[in-house]
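Asks: Shown below is the structure under consideration.
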Amino acid sequence: MSMGVFFVVILAAGLHAAWNAMLKGGQDKYLGTAAVVIGQAIFAIPTLFFVPAPDPSSFMLILAGAGLHLGYQFFLMASYSSGDLTQVYPLARGSAPLIVALVSVSLLGVSLEPIELIAVAVIGLGIMSIAVVGTRDGLHDRKSAVLAIITGCFIASYSLIDGLGARQAGTALGYYGWLAIGNALAFCAIAAVARPSVLRRIPTEGLRLTLFGGGASYAAYALVVWSFTQAPIALVTALRETSIIFALLIGVFVLKERLSLAKVASTAIVLAGVIMTRLGRSA
């Protein structure tokens, strides 16, 4: 991973934590998620006029990716409805890089150096340890934990699919642009049946989150999908999940969630893993 890609992924991590905090801070998680998903599509549409069209061979991966993002969004909503940002976010994001690394090495034939494998493991375990610390603070909820881990499985799945899809498409922004639009259409179709009032509230109550949350989400994942084409998917996924550090700071200073010395120690473990990613060979 080059230094340029490294900083691009760190930027994406900060943006990702920001829109997750906006979603968690809202009262209506369904409205918030709908606003972010629709916002992604709004920002994706004009981008498609300036990037190449995806190679037709990637169309099935675009559809698969859109479906996996849809599953992720509904499980994320359910997780945030019952758990704290500092519990749900670490479990969901921490499990994903471990799953991606395991699949990449064992099934996709990706070669990672020992220091890179250790870095992925350290980042993932450091992130999940923050959630474990939350149990000592009385923040643990078993239902939220299960939902968060399922969310992590969706994150790992769409990361792998999107990494392969963007490479096959020959255009990271073209691939993600069409995926974001397909994802938004599917989400709106479900919402129109399950919660039709939500879509009517988007232009008023959800406008701010549509523009700012959707914009941050689109930019964050567009940067990640581009990074998938420049470095091993497992490394990008692990480094992206350092967004937990930003989420922890937002949770404590903005959402007024509790901070402990143990959480600081867990954050230090994550940072150690980040440093280790810079010690491996360039991809």
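Asks: Taking the stated definitions as given, is Leu48 touching a Phe, Trp or Tyr at 6+ places or on another chain (Cβ under 9 Å) and either more than 26 Å from Gly251 (Cβ to Cβ) or modelled with pLDDT of 95 or more (or both)?
Replies: Values: touching a Phe, Trp or Tyr at 6+ places or on another chain (Cβ under 9 Å): yes; either more than 26 Å from Gly251 (Cβ to Cβ) or modelled with pLDDT of 95 or more (or both): yes.
For Leu48, the condition - touching a Phe, Trp or Tyr at 6+ places or on another chain (Cβ under 9 Å) and either more than 26 Å from Gly251 (Cβ to Cβ) or modelled with pLDDT of 95 or more (or both) - is met.
Asks: Could you check, for region 8-20, whether at least one of its residues is over 21 Å from Ala156 (Cα atoms) and not polar (S, T, N, Q)?
Replies: Looking for residues that are over 21 Å from Ala156 (Cα atoms) and not polar (S, T, N, Q), one finds none in region 8-20, hence no.
Asks: Then there's this: Kindly indicate the residue of region 219-231 that is open to solvent by less than 20 Å² (accessible area, probe 1.4 Å) and in contact with a helix residue (DSSP H, G or I) (Cβ under 6 Å, 6 or more places away or on another chain) and also nearest to Ile45 (Cα to Cα) among those meeting that condition.
Replies: Ala222
Asks: Right, next: State which residue is farthest from the chain's Cα centre (by Cα) when the search covers only region 148-174 and only residues that are open to solvent by 10 Å² or more (accessible area, probe 1.4 Å) and under 28 Å from Met128 (Cα atoms).
Replies: Leu164
Asks: Tally up the residues in region 54-82 that are under 22 Å from Gly163 (Cα atoms), of a type in the set (Ser, Thr, Tyr) and buried (at least 17 other Cβ atoms within 10 Å of the Cβ), please.
Replies: Of the residues in region 54-82, 2 are under 22 Å from Gly163 (Cα atoms), of a type in the set (Ser, Thr, Tyr) and buried (at least 17 other Cβ atoms within 10 Å of the Cβ).
Asks: Checking the structure you have, find out if any residue of region 12-21 is over 14 Å from the mean Cα position of the chain (by Cα), in contact (Cβ under 8 Å) with a residue 12 or more places away in the chain and open to solvent by 10 Å² or more (accessible area, probe 1.4 Å). Outline the logic, then answer.
Replies: Just the residues of region 12-21 that are over 14 Å from the mean Cα position of the chain (by Cα), to begin with: none.
Checked region 12-21: no residue is over 14 Å from the mean Cα position of the chain (by Cα), in contact (Cβ under 8 Å) with a residue 12 or more places away in the chain and open to solvent by 10 Å² or more (accessible area, probe 1.4 Å).
Asks: Another one. Could you list, in sequence order, all residues of region 177-218 that are open to solvent by 60 Å² or more (accessible area, probe 1.4 Å) and over 17 Å from Leu31 (Cβ atoms)?
Replies: Within region 177-218, Trp178, Leu185 qualify.
Asks: So in region 103-128, with the set limited to residues that are closer than 22 Å to Ser266 by Cβ and open to solvent by 30 Å² or more (accessible area, probe 1.4 Å), which one is modelled with the lowest pLDDT? Lay out the reasoning, then the answer.
Replies: First, pick out the residues of region 103-128 that are closer than 22 Å to Ser266 by Cβ: 115-128.
Those left that are additionally open to solvent by 30 Å² or more (accessible area, probe 1.4 Å): 115, 117-118, 121-122, 125, 128.
Numbers: Ile115: 83, Leu117: 81, Ile118: 85, Ala121: 82, Val122: 82, Leu125: 77, Met128: 70.
Only one residue tops the list, namely Met128.
Asks: Same structure again: Out of Val252, Val264, Val236, Val270, which single residue is crowded, with 23+ Cβ neighbours inside 10 Å and over 14 Å from the mean Cα position of the chain (by Cα)? Quick ask: steps written out before the conclusion?
Replies: Values: Val252 fails: crowded, with 23+ Cβ neighbours inside 10 Å; Val264 fails: crowded, with 23+ Cβ neighbours inside 10 Å; Val236 fails: over 14 Å from the mean Cα position of the chain (by Cα).
Exactly one of Val252, Val264, Val236, Val270 is crowded, with 23+ Cβ neighbours inside 10 Å and over 14 Å from the mean Cα position of the chain (by Cα), namely Val270.
Asks: Got at least one residue in region 4-22 being outside any helix (DSSP H, G or I) and not acidic (Asp, Glu)?
Replies: Applying the first criterion (outside any helix (DSSP H, G or I)) to region 4-22 yields none.
Looking through region 4-22, none of the residues is outside any helix (DSSP H, G or I) and not acidic (Asp, Glu).
Asks: I need a count of the residues in region 24-53 that are part of a loop (DSSP other than H, G, I, E, B) and either open to solvent by 60 Å² or more (accessible area, probe 1.4 Å) or over 15 Å from Asn183 (Cβ atoms) (or both).
Replies: As a first pass, look at region 24-53 and keep what is part of a loop (DSSP other than H, G, I, E, B): 26-28, 48-53.
If we keep only those that are either open to solvent by 60 Å² or more (accessible area, probe 1.4 Å) or over 15 Å from Asn183 (Cβ atoms) (or both) too, we end up with 26-28, 49-53.
The number of residues fulfilling the criteria is 8.
The values are calculated or read from the model by the stated rules, or taken from the named source; none is laboratory data. Every value quoted in this text rests on a predicted model; they were computed, and no experiment measured them. Here Cβ is always computed from backbone atoms with ideal geometry, including for glycine, and neighbour counts include all displayed protein chains. When the accessible area is computed, the model is the full protein with side chains, heavy atoms only, and any ligands, DNA or RNA have been set aside. Shrake-Rupley method; radii C 1.70, N 1.55, O 1.52, S 1.80 Å.
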